[in-house]
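Comments concern the structure below.
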Amino acid sequence: MTSASPTRVGFIGLGNMGSGMTRNLQRAGFELVVNDIRRESAAELIAGGAVWANTPAEAAAQSDVVITMLPTPRHVDTVVNSPTGILAGIPDGGTWVDMSTSVPEVAQRVRAEQSTRGLHILDAPVSGMAVGAANGMLQIFIGGETDDVERLRPVFEAMGDPERILHVGAAGSGYAVKLMINQLWFSHLVATAEVLSIGVKAGVDLDVLRRSLIASPANSNFVQHDVLSVLENGDYDEGFAIALACKDLGLSIDLARSVGVPAELSGLVEQIYRRARAQYGDRAGEMTPMKLYEDLIGVELRLETVTA
Ligand code: NAD
């Protein structure tokens, strides 16, 4: 790979997130080579000029940089290491960026086993939900070498908010930052669901309770903004499946274990998420744990009108 910025981007994983990210890369003028196990997911991109690759190896061979946006570390491992995976096609000196919410093990193993090939490997997971992917306003947390981050900046800027594309440290740091963001957000969600349910059952009007929280030191971005998806619209965000949220919580606890930090609260939040997943199914939205509390108290937490 030369030091020039890439023009041809390979992209593997055209799901809720990857579909929006690739559309924005295409709009920004990058040539795309795309792959997914669901070929139909590429139809619109191909109509817009993208090239279909039959395997991740083909996508990697035809691109200046290959990006993965896959559900779990297991999927990343398959796409990278299988006989038709990225490593079978990427040229020596090539670049792979994993934007999945994942852990460093796959990349570490590639670095160790392919150390003579001069590969450039970055982790760059994202926040901002499917809507952020669709409108090109993702937050991106990048772990890797500074030169690589700068060379790839135009690619990241096509998918993310330039103000919130952060180089957070060496390889692996992006994964860690992303997992901690999700851990805290899921914890906010469970804590907020519990507090709203108790307050409402104690006879306080939901709108009054929420406005009181916003005016207090207990205010949070979640109470002020994100919870409105449920309170206004009964929308539990099916754009992010609870099965993936449970995956993130599991990875976050694994990370805590690997660095020797107890994670009692995270463990409890994970169990509540797993209960919601068991009750409402893998594809239920990431905010479905709120529904657990609603079902428990027999009240849907809904605002009539939003005043704050
Ligand atoms: P998704 O399940 O909607 O999409 C994943 C895609 O990968 C699917 O199109 C699937 O067919 C494809 N895929 C799976 N195995 C494959 C293989 N072997 N080869 C080629 N393609 C394969 O998932 P998503 O919601 O887009 O999430 C992707 C990643 O982004 C996850 O790690 C998730 O945790 C993270 N994330 C999601 C959101 C969100 O709101 N959805 C937000 C931030 C981060």
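All of the numbers you see were taken from the coordinates with simple rules; none came from a lab. Keep in mind that what you see is a predicted model, and the values were worked out from it rather than measured. Note that we place each Cβ from the backbone using ideal geometry, even for glycine, and neighbour counts take in every protein chain shown.
Rg(Cα) of the range 109-156 divided by 2.2 N^0.38 Å?
1.40
Work out from phi, with θ = phi - 60° and the Karplus expression 6.51 cos²θ - 1.76 cosθ + 1.60, the ³J(HN,Hα) of each residue of the range 243-255, listed in order in whole Hz, and give x for Gly and Pro.
Taking θ as phi minus 60°, the curve returns 4, 6, 4, 5, 4, 4, 5, x, 5, 5, 5, 4, 4 Hz for the range 243-255.
So which lysines pass the test for K291, namely a Cα distance under 19 Å, with those fewer than 8 places away in the same chain ruled out?
In chain and number order, the partners are K201.
Going by how many other Cβ atoms sit within 10 Å of their own, how do R151, R8 line up, fewest first?
Least crowded to most crowded, the residues run R8, R151.
What angle do you read, to the nearest 10 degrees and between 0 and 90, between the alpha-carbon axis of helix 146-159 and the longest principal axis of the chain?
With rounding to tens, the tilt is 60 degrees.
Mean separation of Cα pairs under 8 Å and 6+ residues apart, divided by the residue count of the chain: what relative contact order is that in percent?
14 percent
How do Y280, Y175 line up, fewest other C-beta atoms within 10 Å first?
Ranking Y280, Y175 by Cβ neighbours within 10 Å, fewest first, gives Y280, Y175.
Along the principal axes of its C-alpha atoms, what lengths does the range 89-247 span, in descending order and rounded to whole Å?
67, 28, 27
Of all trypsin sites (Lys or Arg not before Pro) in the range 222-304, which ones are in loop regions per DSSP and have a Cβ with at most 13 other Cβ atoms within 10 Å?
R283, R302
Towards the positive end of the charge dipole of the range 133-201, with charges on Cβ (+1 Lys, Arg; -1 Asp, Glu), say which of V177, T192, F141 has the farthest Cα.
The residue sitting farthest along the positive end of the dipole is T192.
Given +1 on the Cβ of Lys and Arg, -1 on the Cβ of Asp and Glu, and no further charges, what dipole in debye does the range 184-246 carry about its Cα centre, rounded to the nearest 20?
The calculation lands at about 260 debye.
For the chain, state the semi-axes of the equivalent ellipsoid (square roots of 5 times the eigenvalues of the alpha-carbon gyration tensor), sorted largest first and rounded to whole angstrom.
38, 20, 17
Please provide three numbers in whole Å: the alpha-carbon extents of the range 46-147 along the principal axes, with the largest listed first.
The Cα atoms of the range 46-147 stretch 39, 31, 28 Å along their principal axes.
With the contact rule set at Cα under 8 Å and sequence spacing of 6 or more, what percent relative contact order holds for the range 8-170?
21 percent
Nearest 500 deg cm²/dmol is fine: what mean residue ellipticity at 222 nm does the chain get from its DSSP H runs of n ≥ 4 alone, each adding -39,500 (n - 2.57), divided by its residue count?
Value at 222 nm, helices only: -14500 deg cm²/dmol.
So in the chain, what percent of DSSP beta bridges are antiparallel if you round to the nearest 5?
Rounded to the nearest five, the antiparallel share is 15 percent.
Of D207, D282, D237, how do they rank once you tally other Cβ atoms within 10 Å and put the fewest first?
Fewest to most other Cβ atoms nearby, the residues stand as D282, D207, D237.
With charges only on Cβ, +1 for K and R and -1 for D and E, what is the dipole size of the chain about its Cα centre, in debye, rounded to 20?
Charge dipole of the chain: 280 debye, to the nearest 20.
Can you pull out the trypsin sites (Lys or Arg not before Pro) in the range 38-84 whose DSSP state is coil and whose Cβ has at most 11 other Cβ atoms within 10 Å?
Listed in order of number, the matching sites are R38.
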